[in-house]
Amino acid sequence: MKYKFTGDILPSIIVFLVALPLCMGIAIASGMPPAAGLITGIIGGILVGAIAGSPLQVSGPAAGLAVLVAQIVQEHGVKALGPLLVLAGIIQFGAGMLKAGQWFRAISPAVIYGMLSGIGILIFASQFHVMLDDQPRSNGVVNLITIPGALYNDFFNPDGYAQHHIPAMLGLLTIGSLILWNQFRPKALKMIPGALIGVVLATITAILIDAKVNYVNVPSNLLAAASWLSIDSFSILANKAALIAGLTMAFVASAETLLSAGAVDRMHDGPRSDYDQELRAQGVGNVLCGIAGALPMTGVVVRSSANVQAGAKTRWSAVMHGFWILAFVSAMPFVLERVPVASLAGILVFTGYKLVDWKNAKALAKYGQMPIWIFGVTVAGIVGVDLLTGVILGVLLSFGKLIQTASQIDIWVQTGTVENRADVHISGSATFVKLPVIAQTFEKLPRNIACHVHFAELVSIDHSVMDLLTSLEEEFEKGGGKLVTEWDQLHTRHENQIRGTQQQQEDKVQR
């Protein structure tokens, strides 16, 4: 155990270096002070890392929730975030207790990719303005369409040039350094994250030229900076819009966490994730973050992948990275106060760009056109309206596709083989959705014949279709004919499926 513990020290330092600028940057993008992101990183590392269901996953503030948090802060105030985060944490813990972890993972990949891409576009657009030491606009669409004007004002307008040129240069220096480091870094230094290199260079540059830009505000006492939850603030839960925002937070945080856990499992050969335990751990962490007035947390891919690539073997790496954040902020807050806000915004501009992963969208095309539509509708809803609307539209479209697929049916009538007889063959799924089609087929048949209904290729049948067949039996009997339903074909097919499954299991055991 001692070997594993000491072997996780270096990975924990690598994760700490990746997490530190992201914790502060995501807080700023959320409309919260940097201390809120740092507190979430500490809780996510020390506490959630110790009880997580995914041992190598790292938890902390996530860019994917920055848009939602910023909306809550803007519409309901900073004090509203705490009780809503406590509510989200309780929901997550309850979902874990009810074994709902696997159900969250059943969300259509098209919705997940659309959600991440939509969030990426919003982060890119809003943080682009912050990178210029400017204020983000009222919504995502306005942020996007005003970027050209902001660039013109920055580089060609004398008044704007004086105010925004230096922060823009620092932000671009951060992005350029990050990209170049990731492409050309020496193998001996491959574990040092590009984001850290970018922030360090931008900070040194700002100090050397004595740049008059916005800098990070980090308190000397992190506990004193915490915005502790009060009982009175729970009155916000009576606000319907705020309550919906809290429920959305629980849903998005859970989906993003479990998506990340699944990705982490594919990166290593160690113990697999317990998704229900991961949900419970996230719930506990978010309740504590809500009490401390910090940011919501999720499991995050960037920090988790850095953890795995650095050689982490146990959960101690995630735990220790939380201690490193705590120690650094407590001992050297003056160092963080020299970091330009534009530099952190530059990291998030790059992060937002990376979240918009068009490769995933193209990969959906091999499953048909509908996943592309689901992806597009989700992105458009998130960017054009809000996060919840986009996700709901994507989920509804997914359910529509599911209902369509589950209702595929083929029905044909065979006549002439025997006098006064018709054979009706039904394959696929006979459900209420296709009830009109089935009824129309039988309406065309005379009632004075023998009609045999065959189910050899039937996948499923619901009570509405069975009730229709019962009614048709009475109609044929009154007309002088008869309706014969070949139920034994359905039973035989079901028994064959069971025997086939049992044989597969026996063969597997023998192998």
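Among the residues of region 456-483, those that are closer than 21 Å to Thr405 by Cα and not in a loop (DSSP other than H, G, I, E, B) comprise Ala456, Glu457, Leu458, Val459, Ser460, Ile461, His463, Ser464, Val465, Met466.
Identify, please: which residue in region 174-192 is free of Cβ contacts under 8 Å to residues at least 60 places away in the same chain and under 30 Å from the mean Cα position of the chain (by Cα) and is, among those, nearest to Val308 (Cα to Cα)? It comes out as Lys190. Within region 439-455, the set of residues being outside any helix (DSSP H, G or I) and exposed (fewer than 13 other Cβ atoms within 10 Å of the Cβ) comprises Lys444, Pro446, Asn448. Cβ-Cβ contacts under 7 Å between residues 6 or more apart (or on different chains), taken from a first residue in region 403-417 that is under 16 Å from Lys444 (Cβ atoms) to a second residue that is of a type in the set (Val, Ile, Thr), are listed as Ile411/Val424; Ile411/Ile426; Ile411/Val437; Ile411/Ile438; Ile411/Thr441; Val413/Val424; Val413/Thr441. Here Thr314 clears all of (1) under 27 Å from Val213 (Cβ atoms); (2) of a type in the set (Ser, Thr, Tyr); (3) surrounded by 17 or more Cβ atoms within 10 Å (Cβ to Cβ) except the condition numbered (1). Checking each residue in region 96-121 for being out of contact with any Leu (no Cβ under 8 Å at 6 or more places or on another chain) and either of a type in the set (Lys, Arg) or touching a residue at least 24 places away in the same chain (Cβ under 8 Å) (or both) picks out Met97, Lys99, Gln102, Ile107, Ser108, Val111, Gly114. From the list Gly77, Gly82, the one residue that fits, being free of Cβ contacts under 8 Å to residues at least 60 places away in the same chain and over 19 Å from the mean Cα position of the chain (by Cα), is Gly77.
No other residue among Val86, Val48 is over 19 Å from Leu259 (Cα atoms) and not hydroxyl-bearing (Ser, Thr, Tyr) apart from Val86.
Among the residues of region 205-229, just one is free of Cβ contacts under 8 Å to residues at least 40 places away in the same chain and surrounded by 12 or more Cβ atoms within 10 Å (Cβ to Cβ), namely Thr205. Taking region 329-352, which residues are surrounded by fewer than 16 Cβ atoms within 10 Å (Cβ to Cβ) and not basic (Lys, Arg)? Residues satisfying the conditions are Ser330, Ala331, Met332, Phe334, Val335, Glu337.
Exactly one residue among Val413, Val459, Val465 is modelled with pLDDT of 85 or more, within 15 Å of Trp487 (Cα to Cα) and in contact with a strand residue (DSSP E or B) (Cβ under 6 Å, 6 or more places away or on another chain), and that residue is Val465. Within region 417-434, at least one residue is surrounded by fewer than 16 Cβ atoms within 10 Å (Cβ to Cβ), more than 31 Å from the chain's Cα centre (by Cα), in the same structural domain as Phe455 (by TED's automatic domain parsing) and assigned to a helix (DSSP H, G or I).
Test Gly53 against the criterion of being of a type outside the set (Lys, Arg), in the same structural domain as Ile119 (by TED's automatic domain parsing), at pLDDT 90 or above and not in a helix (DSSP H, G or I), and give yes or no. Judged against the criteria, Gly53 is a match.
The test for being under 27 Å from Met191 (Cα atoms) and assigned to a helix (DSSP H, G or I) does not hold for Leu247.
The values are calculated or read from the model by the stated rules, or taken from the named source; none is laboratory data. Keep in mind that what you see is a predicted model, and the values were worked out from it rather than measured. Here the Cβ is made from the backbone with ideal geometry for all residues, glycine too, and neighbour counts use every protein chain on show.
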